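The values are calculated or read from the model by the stated rules, or taken from the named source; none is laboratory data. Quick caveat, the model's predicted, so the values are computed rather than measured. Neighbour counts run over all protein chains shown; Cβ positions are idealised from the backbone, glycine included.
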Amino acid sequence: MTTLTQLPAWQQLQQQRDSYQEFSLRASFAADPERAQRMSIKAAALKLDFSKNLLTDDTLSALCQLAREAGLEQLRDGMFNGDIINNTEGRAVLHTALRNSQRTEINDGDNNVVPEVNATLAKMKQFVADVHGGVLTGHTGKAFTDVIAIGIGGSFLGPKVATEALRPYAKDGLKLHFVANVDGTALAEKLKRVNVETTLVLMSSKSFSTQETIANTVSARDHFIANGVPQSAIGDHFVAISSNVPAAVEFGMKAENVFPMWDWVGGRYSLWSAIGLPIALAVGFDHFEQLLRGAEAMDKHFCEAPLEQNMPAVMGLLSLWYSNFFGTQSQVLLSYDHYLRGLPAYVQQLDMESNGKSVDKDGNPFDYQTGPVIWGGEGTNGQHAYHQLIHQGTAIIPADFIMPLQSHNPIGKHHNMLAANCFAQAQALMQGKTFAEAKAELAGKNLDEASLDRLASHKVMPGNRPSNTLLMDKLTPFTLGALVALYEHRTFVQGALWGINSFDQWGVELGKVLGDAVLAEIEAETQPNKLDASTNALVASLRQGSI
Ligand code: F6P
């Protein structure tokens, strides 16, 4: 089998890479007034300007050629059609079926998933209407005022980040709270703020066996009972989203209040399923449907646009270009929108849990670098903190700037100032500042030549630092759906080209098993002696409650 690095386009890219010693983004823009327009893509109400990348038209062609030689389009179609692409778990990968409104048949093996997806959406819609309309209430008949959503990983971040992002669409009268961490403080702080009589708990766990989620749900149930909710009425206050219905019923939930999850939806790809119920409760089912429609529009674009004009493909290919040909090890996401402040953490989970792998689908070790570290935060805050390293550090860190053009809160000049900062940061990374420019700025400061040179060298900005700018008219449920689906597909593109199974996560398992063994030692009668010397000592300190 030909590996990625043996493909002709890879060899071609390697040759092209040498010419980038001379490449200047500043010069490319000066020489080519069409560059920004040509290197832009509009799709699903988003616009990607990728012109500030270390990229020529020839390199873009070679990258797309690499994608074709690696069979990206066939792999993509296989995912959409229910092929068992999660080969280590023997599962199809059909999160795109959750937001499909066109096809009547999408098969997971012999099973058409479309009817069950539609039935679950209908059930969610009814549930949301009943909670909002006061038809479903707490055990004393009072309408719900608060929802505590308990879950972790993919059963937490998507709903939390989307609910936060869609705050302008929030329904009055229902507050959403999220609890993930097993640190009792996380739960206790939420429980302090709610009245159990009017609180609904949504427990999201595909497996119904995740330690943190079970512990939080059990402790929440204890709190409800201790605060006057009869054991027999727990089913009025606790609802589950899980593929393990018997476990949820045994816990005390009503069978009709368990929303299904399926093997063919990975946790980090699940916000479109009933795992998104907290979002629908927060903003209404109509807005949740708009979120699905935005994602569906991005799916259509991903399936139909030629690779050169295909937003997820171009972003995935650029990521590969930097990782494998420039040795970059991280990427930064910069949300210039307060409502989107959670997006970097969301994409971090999505990308790093999907592509943080060292062997290919067949178990062969890679001879090239794979998943980068994803990090980031909210603009403009980062400009007064970590942007220093992006501008002047020794490593190249490709950046994604994300910016809605209209604000939900147009106060004074704030939005123009926000936009100016966003655009100027991308510009500064691209053009940099030469030694001569830095020195010229210091002219007239009464410095001798040696001091001038020394100071100027600190002010030099290398420039040629790549970035994408992603724009949308406004942050809406539709544009959010498109944005999240864009990052899902970018992750897919990278994983597919690298030969990764992006849909398993075996690396998280050992820690869970060892965590159980350590917990057993913490709670044992005897002094800890079953672990390594360091861990035994840590356990002993914990038991003493003192260092
Ligand atoms: O530990 C990783 C993981 O399995 C994620 O992939 C998943 O989203 C999360 O834990 C929660 O799992 P569950 O929904 O089964 O509780």
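For every residue, the table says whether it meets (1) under 20 Å from Gly393 (Cβ atoms); (2) in contact (Cβ under 8 Å) with a residue 40 or more places away in the chain; (3) of a type in the set (S, T, N, Q); (4) touching a Ser or Thr at 6+ places or on another chain (Cβ under 6 Å).
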{"residue": "Asn421", "(1), (2), (3), (4)": "yes, yes, yes, yes"}
{"residue": "Ala426", "(1), (2), (3), (4)": "yes, yes, no, yes"}
{"residue": "Gln431", "(1), (2), (3), (4)": "yes, yes, yes, no"}
{"residue": "Phe435", "(1), (2), (3), (4)": "yes, no, no, no"}
{"residue": "Ala450", "(1), (2), (3), (4)": "no, no, no, no"}
{"residue": "Leu455", "(1), (2), (3), (4)": "yes, no, no, no"}
{"residue": "Thr476", "(1), (2), (3), (4)": "no, yes, yes, no"}
{"residue": "Leu480", "(1), (2), (3), (4)": "no, yes, no, no"}
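In the stretch 106-160, the residue that is farthest from the ligand (Cβ to nearest atom) out of those that are surrounded by 14 or more Cβ atoms within 10 Å (Cβ to Cβ) and among the basic types (Lys, Arg) is Lys125. Each residue in the stretch 262-276 was checked for being within 11 Å of the ligand (Cβ to nearest atom), more than 14 Å from Gly481 (Cβ to Cβ) and assigned to a helix (DSSP H, G or I), and 3 pass. Listed by position, the helices (runs of 4 or more DSSP H) inside the stretch 28-90 whose residues that are among the hydrophobic types (A, V, I, L, M, F, W, C) and out of contact with any strand residue (DSSP E or B) (no Cβ under 6 Å at 6 or more places or on another chain) number at least 3 are 57-69, 72-80. Only one entry in Ala282, Ala297 is small (Gly, Ala, Ser), more than 16 Å from the ligand (Cβ to nearest atom), in contact (Cβ under 8 Å) with a residue 60 or more places away in the chain and within 25 Å of Ile41 (Cα to Cα), namely Ala297. Within the stretch 441-463, if we keep just the residues that are under 27 Å from Gln427 (Cα atoms) and hydrophobic (A, V, I, L, M, F, W, C), the residue that is surrounded by the most Cβ atoms within 10 Å (Cβ to Cβ) turns out to be Ala456.
In this structure, is Glu488 surrounded by fewer than 17 Cβ atoms within 10 Å (Cβ to Cβ), modelled with pLDDT of 95 or more and either in contact with a helix residue (DSSP H, G or I) (Cβ under 9 Å, 6 or more places away or on another chain) or among the small types (Gly, Ala, Ser) (or both)?
Working: surrounded by fewer than 17 Cβ atoms within 10 Å (Cβ to Cβ): no; modelled with pLDDT of 95 or more: yes; either in contact with a helix residue (DSSP H, G or I) (Cβ under 9 Å, 6 or more places away or on another chain) or among the small types (Gly, Ala, Ser) (or both): yes.
So Glu488 fails the test.
Within the option set His458, His415, His408, being part of a loop (DSSP other than H, G, I, E, B) and not aromatic (Phe, Trp, Tyr) holds for one residue only, His408. Filter the stretch 204-261 for residues that are aliphatic (A, V, I, L, M), assigned to a helix (DSSP H, G or I) and within 16 Å of the ligand (Cβ to nearest atom); which is surrounded by the fewest Cβ atoms within 10 Å (Cβ to Cβ)? By that ranking, first place goes to Val218.
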